[in-house]
């Protein structure tokens, strides 16, 4: 688990909004990267650069699918290994992602 205080959670959510709004994975920062990998059940990526590369260009839609409440890829939200500590933050990310797909 990647621990985040309330200020860091806001920073993660703001960063997520920018990434979704611009469709630019280059804007994924360290805190958002760590949260996605460790608290959102994303496939493991060893580096931030590798994560950005994995979802760049035509692959950005794959990133968005994780946050589309209608997509089977968004089922991570209900996985038992997902920390309840971040349930509100993760739900906000799915809600925002779903509204901006």
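All of the numbers you see were taken from the coordinates with simple rules; none came from a lab. It should be emphasised that the depicted structure is a prediction, and the values quoted were computed from it without experimental measurement. Note that each Cβ is placed from the backbone with ideal geometry, even for glycine, and that neighbours are counted across all protein chains shown.
Return the calculated 222 nm mean residue ellipticity for the chain, to the nearest 500 deg cm²/dmol, obtained by summing -39500 (n - 2.57) across DSSP H runs with n ≥ 4 and dividing by the residue count.
On the way: 5 runs with 53 residues, N = 101.
Here the helix-only value at 222 nm equals -15500 deg cm²/dmol.
Given contacts defined as C-alpha pairs under 8 Å and at least six residues apart, what's the relative contact order of the chain, whole-number percent? Walk me through the intermediate numbers first.
Numbers: 101 pairs, mean separation 27.9, N = 101.
Rounded, it is 28 percent for the chain.
Any idea how far apart residue 75 and residue 8 come out in nm if each label point goes 7 Å out from Cα toward Cβ?
Once both label points are built, they end up 3.0 nm from each other.
Just to be sure I understand the model, the point goes 7 Å from the Cα along the line to the Cβ. What's the resulting residue 83 to residue 65 distance in nm?
A separation of 2.8 nm, rounded to one decimal place.
With springs connecting C-alpha atoms under 10 Å apart, model the chain as a Gaussian network and identify which of 63, 16, 46 has the largest mean-square fluctuation.
Checking each option, the largest mean-square fluctuation is seen for 46.
With a 10 Å cut-off between alpha carbons and a GNM built on the chain, which of 39, 24, 90 moves the most?
Its mean-square fluctuation being the largest, the pick is 24.
Report the Cα-based extents of the chain along its three principal axes, largest first, to the nearest Å.
Sorted largest first, the three principal extents are 32, 28, 22 Å.
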